[in-house]
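These notes are about the structure you will find just below.
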Amino acid sequence: GDSVTQMEGPVTLSEEAFLTINCTYTATGYPSLFWYVQYPGEGLQLLLKATKADDKGSNKGFEATYRKETTSFHLEKGSVQVSDSAVYFCALSGSNYKLTFGKGTLLTVNP
Amino acid sequence: EAGVAQSPRYKIIEKRQSVAFWCNPISGHATLYWYQQILGQGPKLLIQFQNNGVVDDSQLPKDRFSAERLKGVDSTLKIQPAKLEDSAVYLCASSGGAATNEKLFFGSGTQLSVL
């Protein structure tokens with residue numbers, strides 16, 4: 001079945017550092033890929049998505065590129081802020097229309 | 001626009017008791033989901049409704065969990081009887097459709113502690 005494996009945290013960075021959170025997936029066909037973010041005390045919200053190979057999703061300075069050859073969708077940001085502290089979830093939606101999540105990565109950004 | 005509403009925000013019960021969670025999706029959203037998020041894990045789909053019909057309930061422990069979506073709007077998830085391992089955050093989400101690239105909107109969740 002479909003599955004998502006993402007980098008285990010927690011990840012602690014200083015403000016303005018470069019961020020990468022790795023995500024790889026297993027799925028049949030051509031899934032859509034997502035990054036969701038959960039800020040403290042809030043519900044999950046969509047950060048960005050990509051629906052086909054080589055697509056780049058971007059939002060709020062975050063980017064991720066759909067790499068079919070490596071089955072990856074790594075999240076990157078060039079300069080993190082304290083306000084980016086949250087839990088980040090990689091997810092995919094496959095042929096069964098079910099959204100499958102990774103375990104989440106806790107990011108803490110210190111001033 | 002109003003988001004996905006869930007209640008209660010927190011619930012503490014003893015094992016073998018019953019509990020119910022309520023969800024009101026975004027107006028007009030046909031698809032509604034219930035997810036279970038155990039501490040340290042990603043959300044796991046329990047059940048998906050399309051209007052008031054069940055699309056997927058393959059991971060719902062049907063001996064103790066039940067869910068309904070009357071009139072294709074609000075939904076209720078029930079656990080009876082609860083077990084210790086049911087302690088988790090129960091998330092409700094909705095979307096306008098069921099396409100693979102559809103964006104889901106999540107509520108804040110109900111945190112359940114079973115003692």
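Quick notes on this one:
- Residue match in the stretch B:29-44 (condition: surrounded by fewer than 14 Cβ atoms within 10 Å (Cβ to Cβ) and among the basic types (Lys, Arg)): no
- Matching entry among B:Lys62, B:Lys103 (being closer than 23 Å to A:Gly1 by Cβ, within 14 Å of chain A (Cβ to nearest Cβ) and among the charged types (D, E, K, R)): B:Lys103
- Of the strands (runs of 3 or more DSSP E) lying entirely inside the stretch B:44-115, those containing at least 2 residues that are in contact with a strand residue (DSSP E or B) (Cβ under 6 Å, 6 or more places away or on another chain) and over 23 Å from A:Gly104 (Cα atoms) are B:44-50, B:53-56, B:65-68, B:75-79.
- Checking each residue in the stretch A:6-62 for being within 14 Å of chain B (Cβ to nearest Cβ), in a loop (DSSP other than H, G, I, E, B), out of contact with any Phe, Trp or Tyr (no Cβ under 7 Å at 6 or more places or on another chain) and surrounded by fewer than 19 Cβ atoms within 10 Å (Cβ to Cβ) picks out A:Met7, A:Glu8, A:Gly9, A:Pro10, A:Thr28, A:Gly29, A:Tyr30, A:Tyr39, A:Pro40, A:Gly41, A:Glu42, A:Thr51.
- For the criterion of being under 27 Å from B:Arg9 (Cα atoms) and either surrounded by fewer than 15 Cβ atoms within 10 Å (Cβ to Cβ) or over 15 Å from the mean Cα position of the chain (by Cα) (or both), A:Gly104 fails.
- Single residue of the stretch A:66-111 satisfying the filter (among the β-branched types (Val, Ile, Thr) and either more than 14 Å from chain B (Cβ to nearest Cβ) or part of a loop (DSSP other than H, G, I, E, B) (or both)) that is farthest from B:Phe105 (Cα to Cα): A:Thr70
Just so you know, all these numbers are worked out from the coordinates, no wet-lab data involved. Here the structure is a predicted model, which is why all the values come from computation and not from measurement. Here the Cβ is made from the backbone with ideal geometry for all residues, glycine too, and neighbour counts use every protein chain on show.
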